[in-house]
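The values are calculated or read from the model by the stated rules, or taken from the named source; none is laboratory data. It should be emphasised that the depicted structure is a prediction, and the values quoted were computed from it without experimental measurement. With ideal geometry, Cβ positions are generated from the backbone for all residues, glycine too; neighbour counts draw on all protein chains shown. The accessibility values were calculated without ligands, DNA or RNA, using every heavy atom of the protein model including side chains. Shrake-Rupley method; radii C 1.70, N 1.55, O 1.52, S 1.80 Å.
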Amino acid sequence: MSPETHYRDANWQHFIAPPAAPQTLGDLPRQRYGSTGLAPLGQLVLALALMAPSWCIIQLSLTVDYDGLLSLVGLALSGLVVAAVAIVSLVVLGLPVRLIPWVNRRWAGNARAYVAVSAIAVGLMTAGCLMKVPHVGGENGIHYSVLTPDPVLLCGGWFLLAFLMVNASLPLRWTR
């Protein structure tokens, strides 16, 4: 018995695979990493827990005179308020990172970019501590002229590090 007589209804064309068309980069599926929405709540709480004390430390390094216990309480409250406002603004500024697919594929989980941004932020904060600016003022008839750290570099580095804390996503990957 031959296969043609035994399998009369079989179409041999179905068993032969058609030649595959060559694929280009545009045909390959594009994988997105991380969340396309808001950062996880735990990440935002952790960012607030790290940003508020660091903001208080920056403000303490920039103050010249001590005004008493109320200034310390106000400093702690301002640390919470400034950190919360910064987190909300950084979530809004980070929306393009999460919503634009091309940017999301290159940013989310990219450990090299995270290390570069954190190195720039730490460099800005270090430069802010090393570069002193004169602070001139007077209180109760006593005039003073002191050198304080550069607030622009300190706050710029703090804001950049905060951007990384709010908009980074896991898992990390070391490749493009």
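Here are the numbers for this structure:
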| quantity | calculated |
| --- | --- |
| Where LEU147 falls short, out of the listed (1) open to solvent by 50 Å² or more (accessible area, probe 1.4 Å); (2) in a loop (DSSP other than H, G, I, E, B) | (2) |
| Failed condition for LEU75, given (1) out of contact with any Gly (no Cβ under 9 Å at 6 or more places or on another chain); (2) outside any helix (DSSP H, G or I); (3) at pLDDT 60 or above | (2) |
| So ALA111, is it open to solvent by less than 70 Å² (accessible area, probe 1.4 Å), among the small types (Gly, Ala, Ser) and touching a Leu at 6+ places or on another chain (Cβ under 8 Å) | yes |
| Extreme residue, least open to solvent (accessible area, probe 1.4 Å), among residues of the range 114-144 that are modelled with pLDDT of 90 or more and over 22 Å from ILE57 (Cβ atoms) | TYR114 |
| Within the range 94-108, considering residues that are without any contact (Cβ under 8 Å) to a residue 12 or more places away in the chain and of a type in the set (A, V, I, L, M), the one least open to solvent (accessible area, probe 1.4 Å) | VAL103 |
| Residue within the range 78-88 that is open to solvent by 80 Å² or more (accessible area, probe 1.4 Å), touching a residue at least 40 places away in the same chain (Cβ under 8 Å) and under 16 Å from the mean Cα position of the chain (by Cα) present | no |
